[in-house]
Amino acid sequence: MSPTRRRLLLGLFGALGLPAAARATPPAMTVRPPARPAGAGPLRVTANAAFDRWLGEFRQRAGAAGLDAATLDAALSGIRYNADVIQRDRTQAEFVKPIWTYLDSAVSDTRVANGRAALQDHRAVLDRIEARHRVEAGIVAAIWGLESAYGAVRGSTPTIEALATLAFDGRRGAFFERELVAALRILQRGEVSPAAMTGSWAGAMGHTQFIPTSYLAHAVDFDGDGRRDIWGDDPADALASAAAYLSANGWQPGQPWGVEVTIPAGWDYALADRRIARPPSQWAGQGIAAADGSAIPDHAPASVLLPAGAEGAAFLIFPNFAVLERYNTADAYVIAVGHLADRITGGPPLAGEWPRGDRALLPEEREELQRRLTEAGFSTRGIDGRIGPRTIAAIRAYQKAEGLVPDGYASARLLDRLRN
């Protein structure tokens with residue numbers, strides 16, 4: 001047992017996640033609640049005649065797509081409808097935490113300490129990965145830490161059964177059937193056996209939680225043994241695959257993901273917009289400075305991000321932030337990866353405070369917020385529960401009209417004000 005593995009097993013805790021928006025390009029992983037804890041009881045795999053009929057029809061489609069009978073026999077025989085997977089899928093939308101609560105766990109002292117140990121124990125392979133794929137070792141290690149607690153929580157749900165259940169269920173049936181076909185192609189290529197192909201309830205696999213389509217497109221055989229093994233105890237292939245994924249999506253070495261900054265009094269919060277990108281030197285001319293007081297080099301045009309509004313920590317984010325979003329679209333996840341990478345390579349904790357008296361809006365409350373804004377004359381151009389650019393613009397317009405700081409932050413306090 002490696003020193004890292006021993007430390008992790010002594011101080012283990014699961015990775016957290018937040019709901020991610022759908023993307024045209026499949027992400028490397030899907031966000032999920034913590035891995036199934038030890039002693040939680042068996043998965044609820046149940047008989048379901050409709051599922052069995054669907055599976056027979058799917059098998060015909062898979063065969064027509066080029067999957068051979070031997071692969072389908074080995075992978076599909078004996079699988080059943082997994083009610084536990086559906087329960088997790090149904091409750092995922094409610095798995096909402098404020099960013100500060102998420103970061104408290106995602107970048108906890110324990111995870112930072114384990115990350116520094118993992119970085120030390122795997123320094124040689126991470127350095128070789130960095131040299132080949134030009135993605136910093138700290139970023140790769142941070143993804144590993146967030147996705148599987150440095151390999152300790154890789155997930156034990158059978159991937160084929162999970163994907164088949166989700167594809168049959170229909171809520172995102174086309175997406176999960178595509179992932180199921182990709183998983184079967186992985187098996188047909190002999191990369192892994194059906195029994196060893198396990199992961200999260202949503203089909204994300206291995207140390208760095210790749211979904212099957214991302215595995216086919218980006219996984220690499222870094223150790224040269226002829227297989228792209230992201231599931232086994234040796235993390236080399238998985239870590240290199242994560243780096244290859246980021247590199248293929250435009251990672252720029254030497255450029256930060258973001259820098260924590262301070263905002264001067266009287267600053268125009270309407271400029272905190274992902275669509276407004278300026279060199280840090282121009283932002284400095286407006287009084288925006290690094291939280292540690294240092295000058296921020298002009299790495300690239302950067303935008304101001306206020307993930308919890310004017311009362312929370314502020315960041316200048318660079319193009320590498322968008323690259324990390326290809327792994328997971330949630331701002332909280334990207335900040336967690338970037339900040340964890342900074343911490344395990346010697347950086348300080350965040351200096352800014354958070355509005356810890358606030359809470360995250362529930363999905364139905366986000367829809368209510370949009371509806372009430374629209375009724376008040378500040379149209380969000382749709383009621384979908386997603387706080388995107390149009391809703392943020394409507395919030396800012398309302399805040400300006402009410403004499404509030406126009407930071408665009410969708411808070412429970414704002415909703416309460418609209419209700420009264």
*Please determine, in degrees from 0 to 90 and to the nearest 10, the orientation of helix 236-248 with respect to the longest principal axis defined by the Cα atoms of the chain, where the helix direction is its Cα long axis.*
50 degrees
*For the stretch 265-420, compute Rh as the Kirkwood radius over C-alpha pairs and then the Stokes-Einstein diffusion coefficient at 4 °C and 1.567 mPa s; write the answer in µm²/s, rounded to an integer.*
77 µm²/s
*Rounded to whole Hz, the Karplus (6.51, -1.76, 1.60) HN-Hα couplings of the stretch 149-154, x for glycine and proline*: 6, 6, x, 7, 10, 8
_Unit charges at the beta carbon, dipole of the stretch 122-200: most positive-side option, Gly151, Ile129, Thr165_ = Ile129
*Going by alpha carbons, how many degrees (0 to 90, nearest 10) lie between the helix axis of 137-148 and the longest principal axis of the chain?*
70 degrees
_Unit charges on C-beta of K, R, D, E only; dipole of the stretch 222-274, Debye_ = 240 debye
*Å² of accessible area per residue within the chain, as computed with a 1.4 Å probe and no ligands counted*: 42 Å²
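Report the charge-dipole magnitude of the stretch 199-301 in Debye, nearest 20, computed about the Cα centre from +1 at each Lys and Arg Cβ and -1 at each Asp and Glu Cβ. Mind showing how you got there, number by number?
Working: 5 positive and 12 negative charges, 102 e Å.
Here the stretch 199-301 has a charge dipole of around 500 debye.
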*In the stretch 65-180, what is the volume of the convex hull around the alpha carbon atoms, normalised per residue and reported in Å³?*
174 Å³
*asked:* Whole angstrom only: what separates the Cα centroid of the stretch 91-152 from the Cα centroid of the stretch 50-71?
replied: 37 Å
*asked:* Tell me the angle of helix 109-121 to the major Cα principal axis of the chain, expressed in degrees between 0 and 90 and rounded to the nearest ten.
replied: 60 degrees
_For the chain, with +1 on Lys and Arg beta carbons and -1 on Asp and Glu, the positive-most of Leu418, Thr208, Pro348 along the dipole_ = Leu418
_Nearest-20 debye value, the chain charge dipole, Cβ charges on Lys, Arg, Asp, Glu_ = 540 debye
*Please work out the Kirkwood hydrodynamic radius for the chain, using every pair of different C-alpha atoms, and report it in angstroms with one decimal place.*
22.8 Å
*Could you tell me which trypsin sites (Lys or Arg not before Pro) in the stretch 167-224 are loop residues by DSSP with no more than 16 other beta carbons within 10 angstrom of their beta carbon?*
Arg171, Arg172, Arg189
_Out of the total accessible area of the stretch 265-420 (probe 1.4 Å, heavy atoms of protein only), what percent is carbon and sulfur?_
49 percent
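The values are calculated or read from the model by the stated rules, or taken from the named source; none is laboratory data. Nothing here was measured: the structure is a model prediction, and the numbers come from that model. All Cβ positions, even for glycine, are placed from backbone atoms using ideal geometry, and neighbour counts span all protein chains on display. For accessibility, only protein heavy atoms count, side chains too; no ligands or nucleic acids. Shrake-Rupley method; radii C 1.70, N 1.55, O 1.52, S 1.80 Å.
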